[in-house]
1. How far apart, in nm, are two points set 7 Å out from the Cα along the Cα-to-Cβ line at Q220 and at S298?
2. Which FRET efficiency, nearest 0.05, do F86 and F30 yield, Cβ-Cβ r, R0 22 Å?
3. Which pairs, out of K167/K373; K172/K373; K156/K373; K195/K251, put more than 21 Å between their alpha-carbon atoms?
4. Would you kindly state how much longer the chain becomes between K167 and L378 on full extension, computed as 0.36 nm times their sequence separation minus their alpha carbon distance, in nm to one decimal?
5. List the cysteines of the chain that have no other Cys Cβ closer than 4.7 Å: which are they?
6. For the chain, what does the helix formula give at 222 nm: sum of -39500 (n - 2.57) over DSSP H segments with n ≥ 4, over the residue count, nearest 500 deg cm²/dmol?
7. Would you list, by chain and number, the aspartates and glutamates whose Cα falls below 20 Å from the Cα of K31, excluding same-chain residues fewer than 8 positions away?
8. Starting from the Cα of L259, step 7 Å along the direction of its Cβ; do the same at L182; then give the gap between the two resulting points in nm.
Amino acid sequence: MVHTGACIANLLGQGGSEKYGLTWKGFRYFKNDRDRRDFITCGAAAGVAGAFRAPVGGVLFALEEAASWSPSLSLLWRSALLWRTFFTTAVVAVVLRGFMEYCKGEKCGLFGEGGLIMFDVNSVKPAYSIPDLLVVIFLGVIGGLLGSLYNYLVDKVLRTYSIINEKGPIFKIILVMIISFLTSCCSFGVPWLSKCIPCPSHVGDQCPTVGRSGHYKNFQCPPNHYNDLASLFFTTNDDAIRNLFIAGSDKRFLLSSLLIFFVAIYFLGIITYGIAIPSGLFIPVILAGASYGRVAGSLLSPFTVLDVGLFALLGAASFLGGTMRMTVSLCVILLELTNNLLMLPLVMLVLLISKSVADCFNKGVYDQIVEMKGLPYLEAHAEPYMRQLVA
């Protein structure tokens, strides 16, 4: 969605496309570097706002990420650009709300479920003390280490894929087919490693779930039983994240199942990114981080009073901080996604720690990709040898 928003903005910023006969004379006025950069910033913000229903997070994402490529922060933090980006995401939020109202009653399939808040964890009131903060710090440190390892492996895989993709379209298609086959084998094979669990008595007819969406998948289990691994693999990504974020569900997933799911999603996300399909990093990273957080919550439950659902949220934050290396925008996006402002101090703490730890090992994933592609940009700090150069 970020890429799509930036592409549309770039098309408008250059007055359309002469190659395909799509030109608009009215947009020729904006055909200059500054307006084009502003359009692309607004397009990226609109993508985040549309994908995560987080308008304020979209503004901060575009500005925080664009700051990495701007030669001067004074070029970026202009009030005009700020209100344009804010206006763009506000329009996105209003249009989304309108479509959700129109799509009530399953007129549009799975679209529009849950309103503007995707993973509501507001029902849990976090209470924490000094030992809980130590546990959260530990969570951030491990998240930073896992995030830096993720970036290292993504960089190696992308360099390999770039060599394969350069050989021509047929090799791109073969690579996609191989990764799709491996993903299918993993998704259908891994749930066999988990055993059947009796349905909770309070859910009634909702267990086992029928259809693509839902929280309890039967997967070859007897009646009134469900397979917890299948409940994470055979559902939409939104529902899988919602399953992991749900509070007060310590017994819903076995510890072994969470470990298996974390390892599978961790490596599937690495090998999938970079092939010739529109796949992103945000959702796989949130899924892997949430499952890691649930594992940590289950293991550290004797030392803390925090719910495992909140651990999943903090795990997702730590993993996002370790891979993306953004702080303010990620914090706001997660709070807009989950509607739990009481988690603000803990999310801020875990993001700062995971980013600081990961920065000791390598750069953020976006910086690595820009460097790998050889795109020119001005570093924030000059290399030592540059001090002796004269322009």
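No value in this document is a laboratory result; all are computed from the given coordinates. All figures in this text were calculated on a predicted structure; none of them were measured in a lab. Positions of Cβ are generated from backbone atoms using ideal geometry, with glycine treated the same way; all protein chains shown enter the neighbour counts.
1. According to this spin-label approximation, the distance is 2.0 nm.
2. Efficiency computed from Cβ-Cβ geometry: 0.70.
3. With Cα atoms farther than 21 Å apart: none of K167/K373; K172/K373; K156/K373; K195/K251.
4. Value of the extension gain: 72.9 nm.
5. C7, C42, C185, C186, C331, C360
6. After summing the helix terms and dividing by residue count, I get -19500 deg cm²/dmol.
7. The reachable aspartates and glutamates, counting only those whose Cα sits under 20 Å from K31, are E18.
8. Reported label-point gap for L259 and L182 is 2.3 nm.
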